[in-house]
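The values are calculated or read from the model by the stated rules, or taken from the named source; none is laboratory data. Values in this document were obtained by computation on a predicted structure and should not be read as measured data. Note: ideal-geometry Cβ built from the backbone for every residue, glycine included; neighbour counts use all protein chains shown. The accessibility values were calculated without ligands, DNA or RNA, using every heavy atom of the protein model including side chains. Shrake-Rupley method; radii C 1.70, N 1.55, O 1.52, S 1.80 Å.
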Amino acid sequence: CLDWEGKLHEFGSQWRTEDCNDCSSSRDGIRCCSSYTTPVDYDKEKCESIFNKETCSYKVVEKDDHSKECPVHSWVG
């Protein structure tokens with residue numbers, strides 16, 4: 001299979017893209033989905049979500065002090 005970047009992948013192979021998507025190939029084509037969950041239910045006035053591309057994960061921290069994490073009540077992915 002040839003992916004959207006022009007890279008060739010064998011049938012049955014799996015890989016993670018630079019955009020943190022997990023992909024697999026089969027004779028039916030390539031399927032990809034995000035490898036991370038996104039925080040959706042947290043105090044957006046006080047806190048912000050920061051995406052770490054190296055770990056493919058979000059961290060929710062206080063806007064004024066990034067050393068303090070905020071509680072997240074719901075994630076989607």
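Once the trypsin sites (Lys or Arg not before Pro) in DSSP loops with at most 16 neighbouring Cβ atoms within 10 Å are cut out of the chain, the longest remaining piece is 8-26. A cysteine counts as unpartnered when no other cysteine's C-beta lies under 4.7 Å of its own; in the chain this applies to Cys1, Cys33.
Taking amide H as placed 1.01 Å from N in the peptide plane, Lys63 has its amide H under 5 Å from the amide H of Cys47, Glu48, each at least 5 places away in sequence or on another chain.
With a cut-off of 15 Å between beta carbons, the residues surrounding Cys70 carry a summed charge of -3, where Lys and Arg count +1 and Asp and Glu -1.
From the largest down, the chain spans 48, 20, 15 angstrom on the principal axes of its Cα atoms. Loop-located GluC sites (Glu not before Pro) across region 11-61 with a Cβ neighbour count of 12 or fewer within 10 Å are Glu18, Glu45, Glu54, with loop assigned by DSSP.
Return one whole number: the accessible area per residue of the chain in Å², for a 1.4 Å probe.
Dividing the accessible area of the chain by its residue count gives 76 Å².
Nonpolar atom fraction for the chain, defined as the carbon and sulfur part of the 1.4 Å probe accessible area, stands at 44 percent.
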